[in-house]
Amino acid sequence: MKFIKSLSTAAAIAALMVAAPASAKNFKIAVGDSGGSSQEATGIGFVNALEELSGGKHTGTLFLNGQLGSEQDTVNDAAIGTLDMSLLAINNITPFSPSVGVFTLPYVILSLEDAETLTNGPIGQELTENTINDAGVRIVAWTYTGFRVLTNSKKPVKSVADLKGLVIRVPKNEIMIDTYKAWGISPTPMAWSETFAGLQTKVVDGQDNPYTTINAMKFYEVQKYVTNIRYIFSIEPLIISEQVFQELSAEDQAIVLEAGKAATAASATFLREKEAEIKQILLENGMEISDPENNEEEFITLATEAVWPKFYDSIGGIEKMNAVLTAIGRDPVSE
Ligand code: MLT
């Protein structure tokens with residue numbers, strides 16, 4: 001029972017199943033990234049726990065590498081109930097539910113522990129409720145993918161000034177677009193499913209994503225230089241169509257939520273155990289990894305000063321920002 005965190009919950013679910021057996025379901029799960037990714041680790045954790053908790057009655061099938069469409073499209077598909085579940089970066093949910101943008105604001109989350117504190121506490125719960133109301137999807141698990149770092153095919157980037165002349169792909173996300181603008185360049189918004197081809201054909205020179213994603217997507221085949229700008233800690237939820245969730249029996253809803261908790265735990269374990277090894281694989285595949293010259297200070301100051309205040313309203317006000325900051329032991333901001 002390695003995925004069951006709480007025996008009492010498992011016992012309660014087992015009792016419910018005896019009372020009202022549910023019909024078997026194979027959840028169709030879209031996954032934006034390839035095999036070997038953090039998203040896949042969460043997906044496997046979820047399916048294993050789902051099978052175990054339901055006594056083998058329910059399962060799930062992962063459709064990796066954007067087979068079911070771009071990440072943003074899968075939110076729409078889940079909202080109307082034509083797709084059961086999707087694993088995707090939170091920045092691709094923000095356009096549908098702006099308050100989750102608080103997790104995309106640059107340099108807010110400074111560690112995996114911060115990410116765990118926020119997602120597993122009242123703030124994560126509130127954002128889950130917001131996505132149900134705003135976007136018709138429910139977050140059941142959180143993937144912790146690590147810090148987004150910059151890659152490009154042209155030159156080492158050590159400072160904000162070095163970005164000049166580079167065409168950088170970003171998700172279609174206003175916060176990320178504005179962050180690059182604060183650094184002095186105008187980035188190119190592009191769907192995730194088109195990004196590898198965009199880099200390969202040199203429509204764009206670079207992009208940002210965590211080490212684990214860069215490796216899973218084999219970006220080292222088309223990118224050389226990595227800069228540890230670490231501006232966003234990437235969180236990638238597993239969402240379920242609220243319509244599909246409401247069609248489940250109470251006991252199956254409980255099973256899905258409990259399997260989600262197991263998947264979140266599996267994701268944290270994957271990152272803790274694999275990130276250093278994956279960084280090494282990038283180096284072995286010819287990538288050059290460097291830190292910004294001044295400990296990211298220039299990137300941090302420009303991004304936080306220009307971007308944070310601009311998005312207070314969309315994330316629910318400056319009070320929400322301060323609730324997030326204080327929850328992770330940081331000083332609140334003032335107007
Ligand atoms: C993106 O850059 O659009 C996302 O981070 C992609 C992903 O899901 O890994």
* To do: Work from the charge dipole of the chain (Cβ charges, +1 for Lys and Arg, -1 for Asp and Glu, about the Cα centre) and give the residue of Gly124, Gln280, Thr94 farthest towards its positive end.
  => Gln280
* Measure off 7 Å from each Cα along the Cα-to-Cβ vector at Ala197 and Asn133, then give the distance between these two points in nanometres to one decimal. => 3.9 nm
* Asked: So what is the relative contact order for the stretch 185-335, in percent, with contacts set as C-alpha pairs under 8 Å and at least six apart?
  -> 27 percent
* Structure fact -> Cα-based Rg then Dmax for the chain, in Å, read 19.7, 65
* Highest to lowest packing among 27-40, 211-224, 117-130, scored as the average C-beta count within 10 Å -> 27-40, 211-224, 117-130
* Asked: Given only helices, namely DSSP H runs of n ≥ 4 each adding -39500 (n - 2.57), what is the per-residue ellipticity at 222 nm of the chain, to the nearest 500 deg cm²/dmol?
  -> -14500 deg cm²/dmol
* Within the accessible area of the chain (1.4 Å probe), percent carbon and sulfur -> 51 percent
* Structure fact -> Scoring the stretch 120-206 by relative contact order with C-alpha pairs under 8 Å, at least six apart, yields a percentage of 25 percent
* Might you tell me the accessible area per residue for the stretch 204-335, computed with a 1.4 Å probe and given in Å²? => 42 Å²
* Mind ranking 66-74, 230-238 by how tightly packed they are, going by the mean number of other C-beta atoms within 10 angstrom, highest first? => 230-238, 66-74
* Asked: Considering only protein heavy atoms, what per residue accessible area in square angstrom results for the stretch 63-148 with a 1.4 angstrom probe?
  -> 30 Å²
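The values are calculated or read from the model by the stated rules, or taken from the named source; none is laboratory data. Every value quoted in this text rests on a predicted model; they were computed, and no experiment measured them. Quick reminder, even Gly has a Cβ in these numbers, built from the backbone with ideal geometry, and neighbours come from all protein chains shown. These area figures cover heavy atoms from the full protein model, side chains too; ligands, DNA and RNA do not enter into them. Shrake-Rupley method; radii C 1.70, N 1.55, O 1.52, S 1.80 Å.
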